[in-house]
Every structure is written in C-alpha cells, then in structure tokens.
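K.L.:
Mind having a look at this structure? Questions to follow.
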Amino acid sequence: MQDLMEHKLHTLEKYLGEETDINCEVEFERVTAHKSGNVHRVETNLYKGGKMYRAEATEDSFEKAIDEVRNELDKRLRRDNKKRGALMRKGGQILKRMMRRE
C-alpha cells in the first residue's frame, strides 16, 4: 500500500515546488461495520509550509480510495497555487503603479 500511495502522490510534486518543509501522514482503515460496499477508507494530511491539506475517501477498494484522495489533494494544491500567483501579480501591479506616480 505504501508503494502505491507514494507512486500516486508523486504526481503532486509539481505543486510543491522548492518547499522543503513537507510532511505527509496517511492512514488506511477497513471499516468493520460493513461486510461489503465502501469499506476501505484512506485519510491523508499533507503539511506544506505550515499549511495543512486534508483529504479522505471511502471506497470499495484501497486503490479507488487512494485515487480519490490524490484527486482531492491535487484540486486543493492547484487552487492554492493559483491564488498565490494571482496575489503575486496583483502585488506587482500595485508596486508598478506606485513607482509610476513617484
């Protein structure tokens, strides 16, 4: 399971950039209240630069749950990177306007 999880999360490296303070906690659980159906649960906490990204999924197999968790983390990291880029551009525009006025 660990190798599969590392392989799936390897695709998220493009969003992590040069960050060195990264920690990822993964929890696998088989829900014992059910005998069939969505009984495999995966929960992931990814810490990047003091910010936590959390995702969890319950599916009928661990592989499907891992895919769901990876998709959720991908969506959240992509959204955060877009926000940061927009803030950087906005800050640059403000600085440029201030320089023109002086």
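K.L.:
If the requirement is being modelled with pLDDT of 90 or more and farther than 26 Å from Q2 by Cβ, which of these qualifies: R79, R101?
P.N.:
Values: R101 fails: modelled with pLDDT of 90 or more.
Going through R79, R101 in turn, the sole match is R79.
K.L.:
Pull up segment 3-60, narrow it to residues that are without any contact (Cβ under 8 Å) to a residue 12 or more places away in the chain and closer than 17 Å to L73 by Cα, then point me to the one that is nearest to the chain's Cα centre (by Cα).
P.N.:
Ranking the candidates gives R54 first.
K.L.:
Right, next: In segment 21-43, how many residues are out of contact with any Asp or Glu (no Cβ under 7 Å at 6 or more places or on another chain) and either at pLDDT below 85 or among the hydroxyl-bearing types (S, T, Y) (or both)?
P.N.:
Result for segment 21-43: 7.
K.L.:
Scan segment 3-52 for residues that are of a type in the set (A, V, I, L, M), part of a helix (DSSP H, G or I) and farther than 15 Å from D67 by Cβ and jot them down. Please lay out each step first, then the result.
P.N.:
We begin by selecting, within segment 3-52, every residue of a type in the set (A, V, I, L, M); these are 4-5, 9, 12, 16, 22, 26, 31, 33, 39, 42, 46, 52.
Now restrict to residues that are part of a helix (DSSP H, G or I): 4-5, 9, 12, 16.
The answer is L16, and nothing else.
K.L.:
Of (1) out of contact with any Lys or Arg (no Cβ under 9 Å at 6 or more places or on another chain); (2) within 13 Å of M1 (Cα to Cα), M52 satisfies all except one. Which?
P.N.:
(2)
K.L.:
Filter segment 51-67 down to the residues that are more than 17 Å from N23 (Cβ to Cβ) and among the aliphatic types (A, V, I, L, M), then identify the one that is surrounded by the fewest Cβ atoms within 10 Å (Cβ to Cβ).
P.N.:
Out of the qualifying residues, it is A57.
K.L.:
Something else now. Residue under question is K51, and the condition is that it be at pLDDT below 90 and over 23 Å from L9 (Cα atoms); does it hold? Walk me through it before giving the result.
P.N.:
Details: at pLDDT below 90: yes; over 23 Å from L9 (Cα atoms): no.
It is false that K51 is at pLDDT below 90 and over 23 Å from L9 (Cα atoms).
The values are calculated or read from the model by the stated rules, or taken from the named source; none is laboratory data. As the structure is a computational prediction, the values presented were derived from the model and not from experiment. Neighbour counts are summed over all protein chains in view; Cβ atoms, including those assigned to glycine, are modelled from backbone coordinates with ideal geometry.
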